[in-house]
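Only one structure is covered here, and it is reproduced in the block below.
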Ligand SMILES: [Zn+2]
């Protein structure tokens, strides 16, 4: 192998390494919670809605189901289930100005979420916080972000002070020490 080839290979490996570190550990600084403002839905349906807006695909990274995928359709076994939306390897499309460094999770529902959904989002957010080293104070509702304020959003229609207190309580219980 010529020296140039070896050099090229090294540069490639280094780039891949830095890229994976960035995506794996350093990229995400906050978690933003949304709701779909619809009584029903799932990943595939939101994907369609977002494509109708002209986006390539669903803008949220994760969706938490409520057991009503379509009007009149009940799937109680899906209540509280997480579906994967847009891969974390790409920028999300859920909070303009904050998409690059945040993970977007959406609850299906308008304002009355199921107990299973709340339980699941609490646990899931805590897992993501540990995985990406994100603190409780960097867990936001869409309405707290610049884009949400500008658009006068109330999304996700959950009092985030209450939610962060819930996280603190749960982390205290589960792990012994809140961060
Ligand atoms: Zn939102």
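All of the numbers you see were taken from the coordinates with simple rules; none came from a lab. This is a predicted model, so every value here is computed, not measured. For neighbour counting, all protein chains shown are included, and Cβ atoms are generated from backbone atoms with ideal geometry for every residue, glycine included.
A few notes on this one:
- For the chain, share of DSSP beta bridges that run antiparallel, in % to the nearest 5: 20
- Base-10 log of normalised Debye intensity for segment 100-179 (one unit scatterer per alpha-carbon) at q = 0.17, 0.26 Å⁻¹: -0.70, -1.45
- Note on residue 161/residue 16: beta-carbon distance plugged into 1/(1 + (r/R0)^6) with R0 of 45 Å gives a FRET efficiency of 0.60.
- The C-alpha atoms of the chain define a longest principal axis, and helix 160-175 lies at about 70 degrees to it.
- Derived from the Cα gyration tensor, the three semi-axes of the equivalent ellipsoid of segment 28-175 are 22, 19, 14 Å, largest first.
- Model label sites at residue 23 and residue 118, defined 7 Å from Cα along the beta-carbon direction, differ in position by 3.6 nm.
- A simple packing score, the average count of other Cβ atoms within 10 Å per residue, orders the peptides 30-41, 79-90 as 30-41, 79-90, with the highest score first.
- Under the criterion of Cα pairs below 8 Å and six or more residues apart, the relative contact order for segment 28-175 equals 31 percent.
- The chain: angle of helix 115-132 to the longest principal axis, Cα-based, in degrees nearest 10: 20
- Cα-based Rg and Dmax for segment 1-88, where Dmax is the largest Cα-Cα distance (Å): 19.9, 66
- Between the Cα long axis of helix 43-52 and the first principal axis of the chain there is an angle of about 80°, rounded to the nearest 10.
- For residue 53 and residue 170, the FRET efficiency from 1/(1 + (r/R0)^6), where r spans their Cβ atoms and R0 equals 30 Å, is about 0.30.
- Fully extending the segment from residue 6 to residue 44 would add 9.2 nm, taking 0.36 nm per residue of separation and subtracting the current Cα-Cα distance.
- Annotation: for a label point projected 7 angstrom from Cα along Cα→Cβ of residue 78, residues of segment 42-68 with backbone N closer than 13 Å are 42-48, 63-68.
- CD proxy at 222 nm, helix term only [per DSSP H run n ≥ 4: -39500 (n - 2.57); per residue of the chain; nearest 500]: -12000 deg cm²/dmol
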